[in-house]
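Structure first, commentary second.
Derivation of every value follows stated rules applied to the coordinates shown; laboratory data play no part. Predicted, not measured: the structure shown is a model, and the values here were computed from it. Every residue, glycine among them, receives a Cβ derived from its backbone with ideal geometry; neighbour counts consider all protein chains shown.
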Amino acid sequence: MTELVGIAGFPRCFGPQVTPHGVVFNLWAPTAQSVELLETGRSPRRMHADTEGWYQALSASAHLGTRYQFRINEELIIPDPASRFQPDDVGAPSEVFEPLLTLDGSHWKGRPWQESIIYELHVGAFSKNGTYEEVENKLEYLKNLGVTAIELMPLNDVPGRRNWGYDGVLLFAPNACYGRPEDLKRLIKAAHALELMVYLDVVYNHFGPHLNYLHSYAEPFFNSRYQTGWGPAVNLEGKEGAFVRQFLIENALMWIGEYGFDGLRLDAVHALKDKSEKHFLTEVAETVRCRFSDRHVHLMLENEANQASLLQREDGKVLLYDAQWGDDFHNALHVLLTGEKEGYYRAFADQPLNHLGRALAEGFAYQGEIFPLHDKARGERSAHLPPEATIFFAQNHDQIGNRALGERLPSLVDRNKLEQAIVLLLLNPHIPLLFMGEEAAQTTPFLFFTDWTGDVAKLTREGRRKEFAHFKAFSSPEGQARIPDPSAEKTFLDSKIDWRAMTTAKAGRFCRLTHNLLALRCKKIVPFIKDGITRAEYQLSVDAGGTGMIDVCWHSVKGATLQITANFSQQAFLRRNSVAGELLWPKHTEVSASVPPGGIFVWLRHPAASL
């Protein structure tokens, strides 16, 4: 990226720049007529403009901690869109802050991607007060559980005190509800001391609907030629799109370089509309890889398009993105476990067993076939990718929170199915992700929550009810009235982890099961993945109801074979030829010739073992 020089030789950049001469304030406002710097306690100061739409002002009186805002066209007062911290929420003054990474002698370089066992959490709902400090206090618990990475839902600042984080309007400012930036840095440092990686979910495909002022002074930030579910797409094309690309890439570099995050998960990248010669996704990945070549930095995607081309390897080395969230695995598994067929589960209800088997063996279930919900082809061929190129989950924030009542899987299925699901999830060679509380079969809901007021709150509440109107249970006014109001504080409080419930005997038994499975994964499955997997295949035994048994085998470069057999039917099935190796699961059992309903068996044949 080209460095652009502004007043007095200082580079134009996103956000304030602290110098020996004071603070240089920067704002890209190409459609503003005038911009003033409003430094708290001082008179307004007119900012200098150039022909590219940049405004700058050098304040000799400003320093770290100074509060400031901008005034557009002598009337609209806004925060800095690249603010590094908003102590008093989005509508209040920004604070001059430099979150430069302090290495303090640490030699942490991260961990290889194959070792990732991800624990997704929402900082605000994870604990009583919802702070970075309280997450830090649970790191020992997570370490002892057996996870190797925590993934934080978006931290970018949003209006109000509670939000999932996907309605961000200030991407560079960690939400003050959870603590100060120093607290976030301390959390990451503490995690690294325990050899835990920390990933962050980032949102580059849209901005939130409330208190997003960019349209008022930077119209080219959006491209009206493309429409998304959130309005005009973020502009990534042409000369003006170059500024937007730089803004987003600088944001990614900040989280990794200045805070020390070990990787990013890019939300809904299928909504990034870009026909440039080099797609934005390629540019951001290449920039990150180049800048942090001396560290293990991992990049993940949520990508409805199932683009295997973004997950390519060369001689085993990741070129762009390490992995994509594997919704196909979840959706097929959910249909088999619950029998649900409404919403997006409809696309997996025809052949759920085949969709699950293909996802396990090849990563994606849809690899160019017509996707029923969109009536067009979805996905690219993925069988050549290693299993670690997809992240599998039985639950996550979306799959729980996008339900009208936010039910977790333990509220929908019996204990036997729940155990079958966790064994399948944690002992297959794809990267597993657990959602906070899943390790102890938590049943508290995780609902969609915001902190809107007025018209925005009303529209959000009505939109939520309209979203589920085509579901049988919510098609009537009475049914829709049962859907919690996203803006009600109770909705947020009901979504918090119930740590008292996590200490019950029932929760303890499931937590021990999760711990044992994770220990087994680290000891047996991770080395198998690191050997390199050359191929996989699956077979089905289908009953009259469309369910049945899957049998999947993965083969390593060194000649080892991992086999998982899982019966989702209500009838027993004869077991297919086993790899006749070490029985990893279940422990201390005799394997009969048949697999009972709800049964799951995992074998590992070592290279020296005989057939």
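Output the 0 to 90 degree angle, nearest 10, between the alpha-carbon long axis of helix 352-362 and the longest principal axis computed from the alpha carbons of the chain.
70
Which of the peptides 525-538, 563-576 is most tightly packed, and how do the rest follow, going by the mean number of other Cβ atoms within 10 Å of each residue?
563-576, 525-538
Could you order peptides 190-203, 158-171, 130-143, 364-377 by the average number of other Cβ atoms within 10 Å of their residues, highest first?
Top to bottom by mean Cβ count within 10 Å: 158-171, 190-203, 130-143, 364-377.
At 0.36 nm per residue, minus the direct Cα-Cα distance, what do residue 542 and residue 488 gain on full extension? Give it in nm, one decimal, please.
My answer for the length gained is 14.9 nm.
Size of the dipole of the chain about the Cα centre, Lys and Arg at +1 and Asp and Glu at -1 on the beta carbon, nothing else charged, in debye to 20?
For this selection, approximately 1300 debye.
Just for the chain, what percent of DSSP beta bridges are antiparallel, to the closest 5?
Around 70 percent antiparallel, to the nearest 5.
In deg cm²/dmol and to the nearest 500, what is the mean residue ellipticity at 222 nm of the chain if only DSSP H runs of at least 4 residues count, each as -39500 (n - 2.57), divided by the residue total?
So the calculated ellipticity at 222 nm is -7000 deg cm²/dmol.
Under a point-charge model restricted to the Cβ atoms of Lys and Arg (+1) and Asp and Glu (-1), what is the dipole moment magnitude of the stretch 486-558 relative to its Cα centre, in debye to the nearest 20?
500
Aspartates and glutamates within cross-link reach of residue 278: Cα-Cα under 14 Å, excluding same-chain residues under 8 positions apart?
By straight Cα distance, residue 278 reaches 237, 286.
Relative to the Cα centre, what is the charge dipole magnitude of the stretch 4-95, using +1 at the beta carbon of each Lys and Arg, -1 at the beta carbon of each Asp and Glu, and rounding to the nearest 20 debye?
Computed charge dipole of the stretch 4-95: roughly 240 debye.
Which of the three applies to the stretch 534-605, rounded, prolate or oblate, going by the alpha-carbon gyration tensor with a ≥ b ≥ c and a/c under 1.5 meaning rounded?
Oblate is the answer for the stretch 534-605, as a/c is 1.5 or above yet b/c matches or exceeds a/b.
With Cβ to Cβ distances under 13 Å as the rule, what net charge do the other residues near residue 195 carry (K, R +1; D, E -1)?
That works out to +1.
What's the angle, to the nearest 10 degrees (0 to 90), between helix 280-291's Cα axis and the longest principal axis of the chain?
90
Can you tell me how the chain classifies by the Cα gyration tensor, rounded, prolate or oblate, using a/c under 1.5 as the rounded cut?
Cα axes put the chain in the prolate bin.
So how do 453, 287 line up by other beta-carbon neighbours within 10 Å, fewest first?
453, 287
Rounded, prolate or oblate: which fits the stretch 352-458 when a ≥ b ≥ c are the square roots of the eigenvalues of the alpha-carbon gyration tensor, with rounded for a/c under 1.5 and prolate only if a/b beats b/c?
Taking the square roots of the gyration eigenvalues as a ≥ b ≥ c, the stretch 352-458 is oblate.
With unit charges on the beta carbon (Lys/Arg positive, Asp/Glu negative), name the residue among 353, 309, 564 whose Cα is farthest towards the positive pole of the charge dipole of the chain.
564
If I fit a long axis through the Cα atoms of helix 327-338 and take the longest principal axis of the Cα atoms of the chain, what angle between them do I get, 0 to 90°, rounded to 10?
50
Which aspartates and glutamates, if any, have their Cα less than 17 Å from the Cα of residue 138, not counting same-chain residues under 8 positions apart?
Residue 138 reaches 120, 151, 183, 195, 438, 439, 498.
What spacing in nm lies between the two simple spin-label points modelled at residue 92 and residue 253, each 7 Å away from Cα in the Cβ direction?
Roughly 3.1 nm, to one decimal.
What's the local net charge at residue 601, with K and R +1, D and E -1, over the other residues with C-beta under 12 Å away?
Value of the local net charge: 0.
Report the Cα centroid-to-centroid distance between the stretch 358-413 and the stretch 502-531 in angstrom, as an integer.
About 23 Å separates the Cα centre of the stretch 358-413 from the one of the stretch 502-531.
Based on alpha-carbon centroids, what's the gap between the stretch 449-480 and the stretch 108-159 in Å, whole number please?
So the separation of the two Cα centres works out to 30 Å.
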